[in-house]
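To keep things clear, I will list the structure first and then write my remarks on it.
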Protein chains: 2
Amino acid sequence: MARRARAASLVLANCATAAKNDALHRLADAIDAAHGPLLEANRLDLDAAAANGLGAAQVDRLALNPARLTKLAVSVREVALLPDPVGDTLEEWSRPNGLKIRKVRVPIGVIGIIYEARPNVTIDCAILCLKSGNACILRGGREIFNTNTALAALITAALAGAGLPADSVQLIPTTDRAALNTLLKLDAYIHCIIPRGGENLIRFVAENSTIPVIKHYTGVCFVYVDRAADPEIAVNVLVNAKVQRPGVCNAAEQLLVHIDVAETLLPSLARALEAKGVQLRCDARSAVILERSGIPRMIAQPSDFTAEFLDLILAVRVVDSLEEAIAVVNRDGSGHSDAIITADPVAARRFQAGVDSAVVFWNASTRFNDGFEFGFGAEIGISTDRLHARGPMGLPELCIHKFLVDGDGQVRG
Amino acid sequence: MARRARAASLVLANCATAAKNDALHRLADAIDAAHGPLLEANRLDLDAAAANGLGAAQVDRLALNPARLTKLAVSVREVALLPDPVGDTLEEWSRPNGLKIRKVRVPIGVIGIIYEARPNVTIDCAILCLKSGNACILRGGREIFNTNTALAALITAALAGAGLPADSVQLIPTTDRAALNTLLKLDAYIHCIIPRGGENLIRFVAENSTIPVIKHYTGVCFVYVDRAADPEIAVNVLVNAKVQRPGVCNAAEQLLVHIDVAETLLPSLARALEAKGVQLRCDARSAVILERSGIPRMIAQPSDFTAEFLDLILAVRVVDSLEEAIAVVNRDGSGHSDAIITADPVAARRFQAGVDSAVVFWNASTRFNDGFEFGFGAEIGISTDRLHARGPMGLPELCIHKFLVDGDGQVRG
């Protein structure tokens, strides 16, 4: 499979945008036309999940329904509308010896996607890899195997219909762990692995792969309310960052408040969070302030200050200075998405420079660390790595470059 | 050490260009002033190498002398003159909701360099990491440990003199393999590993590191002489690519000749190579042609057609078409540096698009795949990876980006 993916990738790398878009439109049409068989395949997975005792929330993550399928087809058509990242000239220059050097964007090659659960990931990853000219090998979760197989058949047919290599998108026909281990060693044919799933999956892949991995760990995100914070912005941004979708990587997990405004701002911040059902886990200083205001709070355990709750829980600390806030975020955060709330531009710039995170917000919610919110039109994930891509990854981040050098007989002296 | 490097990296990331350049000038001056102690330390390593039975060529690779030290100091001053890559705005845009997004170049963080033999690597890597705002941990070879220790002491003093954290550059005080294995797992503190050395070292690092690795494998580089090749350019470029420095990664290892010009061009190409002492290992068709011309040649073994000789040896094959040449390069090459010799621009563009290599040359020697030849002013290596960097790596390739997002209270709906 990997060898065939590599062969397909060499064709895909130079195929016309129109052919790739044709395949995407065929796929969207096929999804619209195949609700019956897709829901039937999905039913097998849902029944097995229920029989295996999965909870209702987990089963729902696996489920397709007509509305979800319609949305999936729409997302495929949206990717067809995005500009093709392949072939752009990124830089161009000449050398004194007359050599002309051009750096052009090209696909990475073959991308392996290792993922769990939700069936839309199969389509999402396939179409983003296809549009960016990459062949891909998909290894989905056991729980969703029948659904993925049905979706993969539609992809294969769409590729064939558009005259593209059928091996451009391949689903591994087993969820065997040994097959995954083999896959992760095929560095001669596969150029990049993107695991999408929980921390355990990503860590397993990172530890066992000899292929470069782009990791998408979840985040321990901070909101720092500076002494010059606008109170209304502080409340709105903090509440949004914590509660708008608490189970995702860019949700806030911790609040830092400057000592100078802790007495005045913490109670209103805490009340707004309490109204949304957020449990506060406080350091000694914030606990005293909230107790005086009669607001329920817990005393935090040390582990709460580096925790990723992914739930309606927020750690709270008082800091003595902007510099302390920066140091705490760099020490206890995960470098994902952090925000400062302040009306002081000097403090804001100092925080943005000092905090070593993928995205550093000033007076905006951490929830905006997202490919769609950035305007990329698509997202393969949010990289927590510091090589190749960092933060939201769109189509250009699925590409690399090559250099084309034109001469008229130059030799090196 | 890794923890201290991480702390130093947070300071370095925001330190002024002038301070970094001050440290570089102090280091250059210190090298100039310390020939005595450096040569004395180097003598210990050379004596041990001789006692351990290393050959003269290997011992020479370890050796410092006044000329080499002077050159080293010059290279440090040259890096001080290069533009600081840190802080550049790479992209900037606004969103309909008013968010302003800025993508700025920042250092990667902490870089681990694992290398062998030549002592100038210690200085090269330290100064490139420093100029690009990265802290680094250096793990040199056993054979050169005393020299490296003496050089590292100069670096530490230069950092202190410039008011930069002494932990910005640290040399691991042992060449123990267990220490290396520990280092390669410290992904919480070290963000990137760059191994510099032979294939075995790089493979060991890639297989054992949980930290992302940028690999610099050597190359199986091709020169394809098209049917529309200019004969003089073909001879000049091929000879240069093969013999100018045969032991390096961008030297040619294989010649492909289009069938239409094999009879006319192969004999002159072969004679020019023969005059430089190159041994030719030929496929059946090229062997017949050379035999008729009375030129010495060997019959190639199959393994010669994927071999990296790093020596005055060249594999030779005749191909039936441009498309076959492209397919052969993609199948048997290593994606490093490949060249087409042709006067036909259509063939040249087709070759450059179809060959999936880091640098694809048209009428120029493969030897130009080099950071200095590209005009980067420095080179940490030539990446054979397809993530982050591909081809020659200068200072910007030791950086990544972060996003700074400015709002006025935006929340996600």
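Just so you know, all these numbers are worked out from the coordinates, no wet-lab data involved. All figures in this text were calculated on a predicted structure; none of them were measured in a lab. No Cβ is skipped: glycine too gets one built from the backbone with ideal geometry, and neighbour counts run over all protein chains shown.
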FRET efficiency for B:ASN200 and B:GLU91, using Cβ-Cβ distance with R0 set to 35 Å, rounded to 0.05:
0.30
Which angle between 0 and 90 degrees, to the nearest 10, do you get for helix B:17-33 versus the longest principal axis of chain B when only C-alpha atoms count?
70
Starting from a label point 7 Å past Cα on the Cβ side, list the distances from A:GLU323 to the same position in the other copies, nm, shortest first.
6.8
Distance cut-off 12 Å, percentage of C-alpha pairs in region B:338-383 lying past it
61
Under a GNM of chain B (C-alpha, springs under 10 Å), which listed residue has the highest mean-square fluctuation: B:SER286, B:SER94, B:SER365?
B:SER94
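What relative contact order, as a whole-number percentage, does chain B give when Cα pairs under 8 Å and 6 or more residues apart are counted?
18
Would you please give the FRET efficiency between B:ASN181 and A:THR306, computed as 1/(1 + (r/R0)^6) with r the Cβ-Cβ distance and R0 = 22 Å, to the nearest 0.05?
On the way: r = 26 Å, r/R0 = 1.19.
Result of the calculation: an efficiency of 0.25.
For the pairs A:LYS103/B:LYS402; A:LYS20/A:LYS71; A:LYS100/B:LYS242; A:LYS20/B:LYS100; A:LYS131/A:LYS402; A:LYS215/B:LYS215, note any where the Cα-Cα span goes beyond 24 Å. Mind showing how you got there, number by number?
Details: A:LYS103/B:LYS402 22 Å; A:LYS20/A:LYS71 20 Å; A:LYS100/B:LYS242 22 Å; A:LYS20/B:LYS100 32 Å; A:LYS131/A:LYS402 18 Å; A:LYS215/B:LYS215 18 Å.
The pairs that break the limit, which is 24 Å between Cα atoms, are A:LYS20/B:LYS100.
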Under the √(5λ) rule applied to the eigenvalues of the Cα gyration tensor, what semi-axes describe the equivalent ellipsoid of the protein assembly as shown? Give them in Å, descending.
48, 37, 22
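Shielding by partners for A:368-375, please: the mean number of other protein chain Cβ atoms within 10 Å of each residue's Cβ.
4
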The protein assembly as shown: calculated mean residue ellipticity at 222 nm from DSSP helix runs of at least 4, using -39500 (n - 2.57):
-13000 deg cm²/dmol
Net dipole in debye of chain A [+1 Lys, Arg Cβ; -1 Asp, Glu Cβ; about Cα centre; nearest 20]:
980
Angle check, please: helix B:35-51 long axis (alpha carbons) against the longest principal axis of chain B (alpha carbons), in degrees 0 to 90, nearest 10.
50
Among bridges DSSP assigns within the protein assembly as shown, what percent are antiparallel (round to 5)?
30
Sorted from shortest, what are the nm distances separating the label point of B:ARG349 from equivalent points in the other copies, each placed 7 Å from Cα along Cα to C-beta?
4.6
Quick calc: nm separation of the 7 Å Cα→Cβ label points for A:ASN208 and B:ALA16 -> 5.2
Chain B, rotation onto A, residue closest to that axis via Cβ, with its distance in Å:
B:HIS388, 2
Kindly give the distances from B:GLU91 to its copy-mates, label point to label point, with each label point 7 Å from Cα along Cα→Cβ, as nm values to one decimal ordered shortest first.
1.7
Using θ = phi - 60° and Karplus 6.51 cos²θ - 1.76 cosθ + 1.60, couplings along region B:401-413 (whole Hz; Gly, Pro as x):
10, 9, 10, 10, 10, 9, x, 9, x, 4, 10, 8, x
Label-zone membership for region A:161-180, site A:ASP29, 7 angstrom Cα→C-beta point, backbone N under 19 Å
A:161-166
Taking amide hydrogens as modeled 1.01 Å from N in the peptide plane, which residues meet the under 5 Å criterion relative to A:ILE313, leaving out close sequence neighbours?
A:GLN279
Radius 13 Å from Cβ of A:ALA18, net charge of other residues (Lys, Arg +1; Asp, Glu -1)
+1
Peptides B:288-294, A:268-274 ordered by average Cβ neighbours within 10 Å, highest first
A:268-274, B:288-294
Taking the Cα atoms only, what angle lies between the long axis of helix A:66-81 and the longest principal axis of chain A, rounded to 10 degrees?
70
5 angstrom amide H check on A:VAL106, placed H, neighbours 5+ away:
A:GLY87, A:ILE400, A:HIS401, A:LYS402
Let me make sure I get this right: for chain A, a, b and c are the square roots of the gyration tensor eigenvalues over alpha carbons, sorted descending. Under 1.5 in a/c it's rounded, otherwise prolate if a/b > b/c, else oblate. Which is it?
oblate
Order by protection proxy (mean Cβ within 10 Å, highest first), peptides A:222-229, B:276-283:
A:222-229, B:276-283
Within the under-14-Å Cβ sphere about B:ALA284, not counting B:ALA284, Lys/Arg +1 and Asp/Glu -1 give a net charge of +1
Which whole-Hz ³J(HN,Hα) couplings does region B:310-321 yield from phi under the Karplus relation 6.51 cos²θ - 1.76 cosθ + 1.60, θ = phi - 60°, glycine and proline marked x?
6, 7, 7, 9, 9, 7, 9, 9, 9, 10, 8, 7
Using the Cβ atoms and a cut-off under 13 Å, what net charge is assigned to the surroundings of A:LEU159, where Lys and Arg are +1 and Asp and Glu are -1?
+2
By its C-alpha gyration tensor, with a ≥ b ≥ c as the square roots of the eigenvalues, how is region A:102-249 shaped: rounded for a/c under 1.5, else prolate for a/b larger than b/c, else oblate?
prolate
Average projected area of the Cα convex hull of region B:221-368, in nm²?
7.1
Provide a whole-number value for the mean count of partner chain Cβ atoms within 10 Å of the Cβ atoms in peptide A:206-215.
4
Any idea which of A:PRO83, A:THR17, A:ALA2 is furthest toward the positive side of the dipole for region A:1-86, if Lys and Arg beta-carbons carry +1 and Asp and Glu beta-carbons -1?
A:ALA2
Taking chain B as a Gaussian network, where each spring joins two C-alpha atoms under 10 Å apart, which residue of B:HIS35, B:HIS336, B:HIS25 fluctuates the most?
B:HIS35
Each residue of region B:256-267 in turn: what ³J(HN,Hα) in whole Hz from Karplus with 6.51, -1.76, 1.60 and θ = phi - 60°, glycine and Pro shown as x?
10, 10, 5, 3, 5, 10, 4, 4, 7, 9, 4, x
Most positive-pole-ward Cα, B:VAL225, B:ASN363, B:ASN250, against dipole of region B:221-368 from beta carbon charges:
B:ASN250
Simple Cβ-charge dipole of region B:221-368, Lys/Arg +1 and Asp/Glu -1, about Cα centre, in debye nearest 20:
320
